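Trainee: The structure follows.
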Protein chains: 2
Amino acid sequence: MSISGVKALVFDVFGTVVDWRTSIAREAAPFLARHGSAADPAVFADAWRARYQPAMEAVRAGARPFVRLDVLHRENLEDALREVGVDPAGIPGDELDRLNLAWHRLDPWPDAVEGLTRLKRRFVVAPLSNGNIGMMVDIAKRAGLPWDAVLGAEVAQAYKPLPEAYLRTAEVLGLEPGEVCMCAAHNEDLAAAQACGLRTAFFARPTEHGPDQTTDLHAEQDWDVIADDLIDLDRRLDA
Amino acid sequence: MSISGVKALVFDVFGTVVDWRTSIAREAAPFLARHGSAADPAVFADAWRARYQPAMEAVRAGARPFVRLDVLHRENLEDALREVGVDPAGIPGDELDRLNLAWHRLDPWPDAVEGLTRLKRRFVVAPLSNGNIGMMVDIAKRAGLPWDAVLGAEVAQAYKPLPEAYLRTAEVLGLEPGEVCMCAAHNEDLAAAQACGLRTAFFARPTEHGPDQTTDLHAEQDWDVIADDLIDLDRRLDA
């Protein structure tokens, strides 16, 4: 399979490259225990993540100016804690700030480092994430993700799936949209990228949302490339 | 020598990490010969580069909105050709566009790849250049520069030495200015960074402007670190 003319592969990160749910649960577990909560840390991770799209929607709709995801996560954290029965009012701000940085310590899926390292030989590889630059750099340094650049919402000043997020990313790379391939485990992300003229590559992450995941279990459209994971993506692009 | 608390090293690129003059002369030589010019390619490189600061000054002064350096280079190219006796009006636009990409094929100084690779083990390393993202990515891919992220004027939407270029770079990394060290072969760049609260590291590139260079031959202030080159910088920061 080939995607002729493609020079850069840009990646969704949360769920596609890193396993945010397991990582946030691991980071939150000692915090919850320390504050007397018996909540399942994975349930807390889901509660925090559930506030992600609504918070970005206020920015996408123009109801507030662009702010980086670290800021939205910090705002959402207090609501998420309340949902699992922890009152954030009694917790020092700097302790909440430290927990907020859990999003900077997400573990990669097992194939991510090897897959990206192989793909980097032939393509520019960069995140096109809604995460901010500092968060992406911290994740990459800790995990060993070999990005050529850190692109995405903060560079584009627009959150996916707004067209500007995809189009400005191609533009800063000096490429036409059709020379860029969006790689994601989420059909919605790929549909938005495709509408902007980008090429598309899908691979499923069937446990991103835990063992009972019902969404994004398979490709819902005829994307340019459909692979099993990042290592398989490299194999398919080589063929 | 230590710069305690520093987490990221950000680098000037033109002259500090790459040898733009020799590289542009090499790229321009066949172009000039093809168009019947007997001009010294290094003189042409100097003519092109001489228009760099005035072009950015129009953006810095607010006389025009931010445009990336590729655009300024392309504008300046035609004047630089006229200066060496080549009429750009008779040359197809796409041939001029290809020559403009010479700035994407700059060679690193001999110590750059090894020095950055070593420094990357302990610090975030990123360009803080007036070059644009696509240019920096192309240079890095070709030369093997192992940046953790590509920062600088296009991310900050401001050209050095404006304070915003330094301060927004620290901000997107989630760091205080004093946790970032500006590394450059140019005293003026370091003075501007220091005024913003960044730490500073200097090493001379005494042939950046050719064999008769008279500027930036040595540190003109007591910068936090003064080294011989990037490998020596790593040694000094380790001590």
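Trainee: Given the conditions (1) over 17 Å from the mean Cα position of the chain (by Cα); (2) β-branched (V, I, T); (3) open to solvent by 70 Å² or more (accessible area, probe 1.4 Å), and given that B:T22 satisfies all but one, which numbered condition is not satisfied?
Mentor: In the conditions (1) over 17 Å from the mean Cα position of the chain (by Cα); (2) β-branched (V, I, T); (3) open to solvent by 70 Å² or more (accessible area, probe 1.4 Å), B:T22 misses (1) alone.
Trainee: Restricting the search to the range A:48-67, which residues are open to solvent by 50 Å² or more (accessible area, probe 1.4 Å) and either modelled with pLDDT under 95 or among the charged types (D, E, K, R) (or both)?
Mentor: A:R51, A:E57, A:R64 - these are the residues of the range A:48-67 that are open to solvent by 50 Å² or more (accessible area, probe 1.4 Å) and either modelled with pLDDT under 95 or among the charged types (D, E, K, R) (or both).
Trainee: Can you tell me which residue in the range A:223-239 is least open to solvent (accessible area, probe 1.4 Å), limited to those that are part of a loop (DSSP other than H, G, I, E, B) and at pLDDT 95 or above?
Mentor: Kept after step one, since they are part of a loop (DSSP other than H, G, I, E, B), are these residues of the range A:223-239: A:223-224, A:228-229, A:239.
With the extra rule that they be at pLDDT 95 or above, the set shrinks to A:223-224, A:228-229.
Values: A:W223: 7, A:D224: 54, A:D228: 106, A:D229: 39 Å².
Only one residue fits best here, namely A:W223.
Trainee: Is it true that A:D87 is farther than 27 Å from A:T207 by Cβ, more than 14 Å from chain B (Cβ to nearest Cβ), over 14 Å from the mean Cα position of the chain (by Cα) and not aliphatic (A, V, I, L, M)? Step through it out loud before you land on a result.
Mentor: Values: farther than 27 Å from A:T207 by Cβ: yes; more than 14 Å from chain B (Cβ to nearest Cβ): yes; over 14 Å from the mean Cα position of the chain (by Cα): yes; not aliphatic (A, V, I, L, M): yes.
For A:D87, the condition - farther than 27 Å from A:T207 by Cβ, more than 14 Å from chain B (Cβ to nearest Cβ), over 14 Å from the mean Cα position of the chain (by Cα) and not aliphatic (A, V, I, L, M) - is met.
Trainee: Consider the range A:33-65. How many of its residues are assigned to a helix (DSSP H, G or I) and touching a helix residue (DSSP H, G or I) at 6+ places or on another chain (Cβ under 6 Å)?
Mentor: As a first pass, look at the range A:33-65 and keep what is assigned to a helix (DSSP H, G or I): A:33-34, A:41-50, A:52-60.
Narrowing the set further to residues that are touching a helix residue (DSSP H, G or I) at 6+ places or on another chain (Cβ under 6 Å) leaves A:41-42, A:44-45, A:47-48, A:55.
Number of matching residues: 7.
Trainee: In addition: Does B:D12 satisfy the criteria of being touching an Asp or Glu at 6+ places or on another chain (Cβ under 8 Å) and under 30 Å from B:E176 (Cα atoms)?
Mentor: Working: touching an Asp or Glu at 6+ places or on another chain (Cβ under 8 Å): yes; under 30 Å from B:E176 (Cα atoms): yes.
Yes; evaluated as a whole, the condition is true for this residue.
Trainee: So, in the range A:81-95, exactly how many residues are part of a helix (DSSP H, G or I) and more than 16 Å from A:A47 (Cα to Cα)?
Mentor: 5
Trainee: What number of residues in the range B:80-95 are under 24 Å from B:G15 (Cβ atoms) and open to solvent by less than 70 Å² (accessible area, probe 1.4 Å)?
Mentor: Residues of the range B:80-95 that are under 24 Å from B:G15 (Cβ atoms), as a first pass: B:80-81, B:83-84.
Then drop every residue that is not open to solvent by less than 70 Å² (accessible area, probe 1.4 Å), which leaves B:80-81, B:84.
Counting residues in the range B:80-95 that are under 24 Å from B:G15 (Cβ atoms) and open to solvent by less than 70 Å² (accessible area, probe 1.4 Å) gives 3.
Trainee: Quick one: which residue in A:A39, A:A45, A:A28 is surrounded by 16 or more Cβ atoms within 10 Å (Cβ to Cβ), more than 30 Å from B:G134 (Cβ to Cβ), under 16 Å from the mean Cα position of the chain (by Cα) and not β-branched (V, I, T)? Step through it out loud before you land on a result.
Mentor: Details: A:A39 fails: under 16 Å from the mean Cα position of the chain (by Cα); A:A28 fails: under 16 Å from the mean Cα position of the chain (by Cα).
None of the others qualify; the one that does is A:A45.
Trainee: Restricting attention to the range A:40-71, which residues are within 14 Å of chain B (Cβ to nearest Cβ) and without any contact (Cβ under 8 Å) to a residue 24 or more places away in the chain?
Mentor: A:V67, A:V71
Trainee: Please go through the range B:204-239 and pick out each residue that is touching a Pro at 6+ places or on another chain (Cβ under 7 Å) and in contact (Cβ under 8 Å) with a residue 12 or more places away in the chain. Steps first, answer last, please.
Mentor: Keep residues of the range B:204-239 that are touching a Pro at 6+ places or on another chain (Cβ under 7 Å), which gives B:213, B:217.
Across the range B:204-239, the qualifying residue is only B:L217.
The values are calculated or read from the model by the stated rules, or taken from the named source; none is laboratory data. Predicted model, so just to flag it, every value in this text is computed and none were measured. Note that we place each Cβ from the backbone using ideal geometry, even for glycine, and neighbour counts take in every protein chain shown. Calculation scope for accessible area: heavy atoms of the full protein, side chains included, ligands and nucleic acids excluded. Shrake-Rupley method; radii C 1.70, N 1.55, O 1.52, S 1.80 Å.
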